[in-house]
Structure formats: C-alpha cells, structure tokens
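Right, one structure below, let's go through it.
The values are calculated or read from the model by the stated rules, or taken from the named source; none is laboratory data. In this text the structure is predicted, and so the values were computed from the model without any measurement. Cβ placement follows ideal geometry from the backbone for every residue including glycine, while neighbour counts extend to all protein chains displayed.
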C-alpha cells in the first residue's frame with residue numbers, strides 16, 4: 001500500500017533531532033535506513049505523524065575500534081560492516097552475523113541502530129548485542145545514558161528506549177584474538193528471517209578448558225536471549241562432540257518458542273539445539 | 001517538498017509529498033516506468049535501482065531522502081544502439097518470460113558484477129535471493145548472469 005501521510009524533517013545535528021523527536025510528543029519516529037519502518041508504514045502497523053530523518057548525521061555513521069570496544073555508530077549500514085576488513089579480526093562474530101542480515105539491497109540501506117530499535121526477536125543484530133553483552137548508548141532531552149543489551153530488549157518490537165530518545169552507538173566489548181566462536185542460523189530462503197539462530201563464543205584456558213561461554217539465541221522467544229544452561233554445559237569442559245551435544249540439548253530445553261505459519265514450536269526448539277551443536281563443532285574445529 | 005537529485009545523468013527537481021516513495025516518484029512524476037513496483041513493502045525486488053552506486057529498493061526509500069543523490073534506473077543502464085551484455089545474456093538464456101521482475105534482476109546483477117565480476121553461482125544466488133521471479137524458476141537467470149560476467153571483467157593490462 002501507499003504510505004500514510006506524515007510530516008518530514010531532516011535535521012543536521014543530533015541536538016536538533018532530539019528536539020524534533022521530543023516535540024513530536026510520542027507521535028514522531030526516527031527514520032534511519034527505513035528497511036523495517038517503511039514496510040511497517042506500508043502495512044499501517046506504524047503511522048507516525050512525523051518522520052525525523054537521521055541521514056545528515058554523518059557522525060552516527062562510523063566504525064571505531066579501540067582496545068576496549070568495537071563502537072558502531074547507529075547509522076552504520078550493514079554494508080559498511082561487510083566492507084570493513086578490520087572487523088575480520090576485531091569482531092569476526094559480528095561480521096559473520098551481518099552476512100546473514102536480509103538481502104543484498106537491504107544491506108545497502110539498513111542500519112545497526114535501526115535494527116536494534118526495531119527489536120525483531122529473530123533479527124541478527126539484537127542477537128549479537130545480547131550474546132556479546134553490548135552497551136547501547138542513547139541520547140534524549142535529559143541527556144545521555146547507556147543501556148545494557150540484556151535490559152534493552154523487552155518484547156517483540158518493544159525496547160527500553162523512550163519515545164524521545166535516539167540510539168547513538170552500540171558498543172561491543174573488545175574481542176580476544178584466540179576466542180572460539182560461531183554464528184549459525186537457518187531460514188528456508190537466504191535472507192529471510194531465521195526460524196532459529198545462535199551466536200556463541202567461549203575462551204579457552206591453558207588446560208584447554210572452555211570458560212566465559214556466551215550462547216545467544218534468536219527466533220525462539222519474544223526477544224533475543226542468552227542461554228545460561230547451555231553456557232554452563234560448556235564452561236569448564238573440553239569442547240568436543242559430547243560437550244556440543246550436551247550444550248545443544250540444554251539450549252533446546254531452555255527455550256519455549258511459539259508456533260506460527262513458518263514453523264512449529266517443537267521444530268524451532270529442536271532446530272536451535274542442532275544449531276548450537278553445529279556451532280560448537282565449528283567453533284572448536 | 002522540493003527535492004533535487006540526478007537521474008541517469010540528468011538533474012531533476014520535483015515537488016513531492018513526504019509520503020511518496022522514490023519508486024512512485026520515478027514512475028509517476030519522471031515517467032521512468034522501467035522501474036517496476038510489485039509488492040510495495042520491500043520483498044519482491046522489482047523496484048531495485050542504484051542510489052549513489054548502491055542497489056536499493058526504491059519502494060523502501062522516500063523521494064525526499066534522495067535529495068542530492070545520484071540515481072540510476074534500468075533506463076540508465078541501456079543504450080540506444082544495441083543490447084547491453086546483461087540484456088544479451090538474459091535473451092540468450094531465456095531468463096525472462098513475463099518480464100515484470102527483469103528490471104530489478106538486471107539492475108541488481110549489474111550492481112553485483114560491477115563490483116564483483118568474478119562472482120560465482122552461489123554468490124549470484126545469494127545476491128538475487130532478494131528478487132522474486134514467478135516465471136523462470138531462477139536457473140536461467142543465474143545462467144544469464146554467469147554468462148554476462150566476461151563483459152564486466154577488466155581487460156588484462
């Protein structure tokens with residue numbers, strides 16, 4: 001359908017954008033890449049009175065890699081991540097996940113901040129944020145604050161972001177070179193939302209035992225989540241076939257997905273277990 | 001709102017409502033009807049155009065967002081004299097039947113081969129996964145794009 005009518009503003013500074021959003025009184029929406037919001041408007045799932053376009057805020061489109069973190073400006077596009085060779089070592093898990101985001105044309109426009117704000121439970125970037133304990137820096141009329149990813153996602157399309165706040169940056173903790181990791185998802189057609197997926201990593205100590213395991217899951221709940229039971233099955237172990245199977249079973253048992261037209265709950269649950277198992281097999285190889 | 005951008009090498013200035021998508025602006029105001037509109041919500045890929053050299057879905061972009069951009073549509077990829085390499089290849093391989101998806105397929109394939117002239121069948125499938133075709137079954141389209149690669153390879157020095 002044609003989009004519903006709205007007013008449009010294209011501010012040149014972040015302060016101006018915050019002021020416009022606040023003046024919108026809850027009926028204004030930010031336009032980043034538009035790859036989720038515009039379809040929602042076409043379906044009348046969203047009909048904001050005002051769109052505040054962030055495209056002129058060049059300072060929000062940058063990838064900064066420091067000793068402490070990989071800092072992604074909110075307007076960083078998927079394509080920017082794909083093209084940044086530094087991330088091959090600075091955050092290989094992020095790079096692998098972004099390769100699975102939507103389709104070619106959408107990756108040329110879609111943004112990190114837009115995906116985080118949209119909060120689809122099957123989307124890759126919210127899953128990476130939760131799996132990696134990312135921090136989400138936001139700006140609003142009252143100033144700036146930082147929200148931990150585990151507190152940020154509340155329900156499908158629902159986050160801790162206030163109506164007058166703007167995501168400025170996503171900070172992923174720095175990535176040790178020796179870290180073991182894998183990203184696996186399954187969709188019927190490439191580029192579609194995953195029926196289930198996992199982003200996981202762990203570190204290995206001098207005795208060859210895993211520690212600091214993080215197992216994230218997408219598509220199997222009302223928000224991206226970390227699976228403590230699967231992590232417990234990995235920590236302190238040598239990651240081999242038996243450990244992978246145990247972690248996969250623990251992951252399956254830990255989630256309660258919904259059935260929908262794309263897959264039944266039982267299928268998604270089994271699929272997640274298989275993906276976690278395969279991810280660990282590829283991480284330890 | 002008044003919006004100015006470049007389309008296929010020409011500067012244009014149009015007065016649009018914010019709600020008008022770039023796809024509708026191209027078709028209805030600029031009469032560039034080669035860009036097809038299928039689903040209007042970013043699923044079918046028929047409206048794919050190039051904005052600042054990147055393949056994008058014109059139905060997911062507002063015309064007002066194009067201000068100051070360089071836009072190339074399927075019309076801008078053709079020439080008056082002869083078929084382009086992708087057109088020749090699509091014809092040779094019967095990579096279209098009704099033709100509705102073809103502009104989006106060719107623009108997307110052009111963007112890909114311009115950057116990755118060595119793209120293999122798997123990469124071509126991955127990139128074209130965002131373009132729906134209800135006639136061909138895709139195999140002939142993949143073959144056509146594979147066959148057009150030679151024209152995008154830089155001659156050896």
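Residue pairs whose Cβ atoms lie under 6 Å apart, sitting 6 or more positions apart in sequence or on different chains, and linking a residue in the stretch A:28-47 that is within 10 Å of another protein chain (Cβ to nearest Cβ) to a partner that is in a helix (DSSP H, G or I), are A:33/A:114; A:34/B:60; A:35/A:106; A:35/B:60; A:36/A:118; A:38/B:60. The lone criterion from (1) within 11 Å of another protein chain (Cβ to nearest Cβ); (2) closer than 30 Å to residue A:5 by Cβ; (3) under 16 Å from the mean Cα position of the chain (by Cα) left unmet by residue B:74 is number (1). Considering the stretch A:260-285, and only residues there that are part of a loop (DSSP other than H, G, I, E, B) and without any contact (Cβ under 8 Å) to a residue 24 or more places away in the chain, the residue that is surrounded by the fewest Cβ atoms within 10 Å (Cβ to Cβ) turns out to be A:261.
Scanning the stretch B:112-125 for residues that are within 12 Å of chain A (Cβ to nearest Cβ) and either buried (at least 18 other Cβ atoms within 10 Å of the Cβ) or touching a residue at least 12 places away in the same chain (Cβ under 8 Å) (or both) returns B:112, B:119, B:124, B:125. Going through (1) more than 15 Å from the chain's Cα centre (by Cα); (2) surrounded by fewer than 18 Cβ atoms within 10 Å (Cβ to Cβ); (3) part of a loop (DSSP other than H, G, I, E, B); (4) at pLDDT 95 or above one by one, residue A:257 falls short only on (2). All conditions but one from (1) more than 21 Å from the chain's Cα centre (by Cα); (2) assigned to a strand (DSSP E or B); (3) within 21 Å of residue A:99 (Cα to Cα) apply to residue A:198; the one that does not is (1). Of the residues in the stretch B:96-110, at least one is surrounded by fewer than 23 Cβ atoms within 10 Å (Cβ to Cβ), more than 14 Å from every other protein chain (Cβ to nearest Cβ) and under 14 Å from the mean Cα position of the chain (by Cα).
Filtering the stretch A:137-159 to residues that are farther than 15 Å from residue A:74 by Cβ and in contact with a helix residue (DSSP H, G or I) (Cβ under 9 Å, 6 or more places away or on another chain) leaves A:141, A:150, A:153, A:157. Given the structure, is residue B:112 closer than 11 Å to residue B:90 by Cα, outside the structural domain of residue B:40 (by TED's automatic domain parsing), touching a helix residue (DSSP H, G or I) at 6+ places or on another chain (Cβ under 8 Å) and part of a helix (DSSP H, G or I)? Against the criterion (closer than 11 Å to residue B:90 by Cα, outside the structural domain of residue B:40 (by TED's automatic domain parsing), touching a helix residue (DSSP H, G or I) at 6+ places or on another chain (Cβ under 8 Å) and part of a helix (DSSP H, G or I)), residue B:112 does not qualify. Can you confirm whether the stretch B:61-77 contains a residue that is surrounded by fewer than 23 Cβ atoms within 10 Å (Cβ to Cβ) and over 27 Å from residue B:5 (Cα atoms)? The answer is no; no qualifying residue exists. Would you be able to say whether some residue in the stretch B:127-139 is assigned to a loop (DSSP other than H, G, I, E, B), over 17 Å from the mean Cα position of the chain (by Cα) and farther than 15 Å from residue B:93 by Cα? Within the stretch B:127-139, one or more residues are assigned to a loop (DSSP other than H, G, I, E, B), over 17 Å from the mean Cα position of the chain (by Cα) and farther than 15 Å from residue B:93 by Cα. Only a single item in (1) touching a strand residue (DSSP E or B) at 6+ places or on another chain (Cβ under 7 Å); (2) without any contact (Cβ under 8 Å) to a residue 40 or more places away in the chain is not met by residue A:18, and it is number (2).
Scanning the stretch A:1-27 for residues that are at the interface with chain B (Cβ under 9 Å from one of its Cβ atoms) and in a loop (DSSP other than H, G, I, E, B), we see that the one that is nearest to residue A:142 (Cα to Cα) is A:10. Within the stretch B:71-78, does at least one residue satisfy the condition of being closer than 20 Å to residue B:100 by Cβ and in a loop (DSSP other than H, G, I, E, B)? For the stretch B:71-78, residues closer than 20 Å to residue B:100 by Cβ and in a loop (DSSP other than H, G, I, E, B): present.
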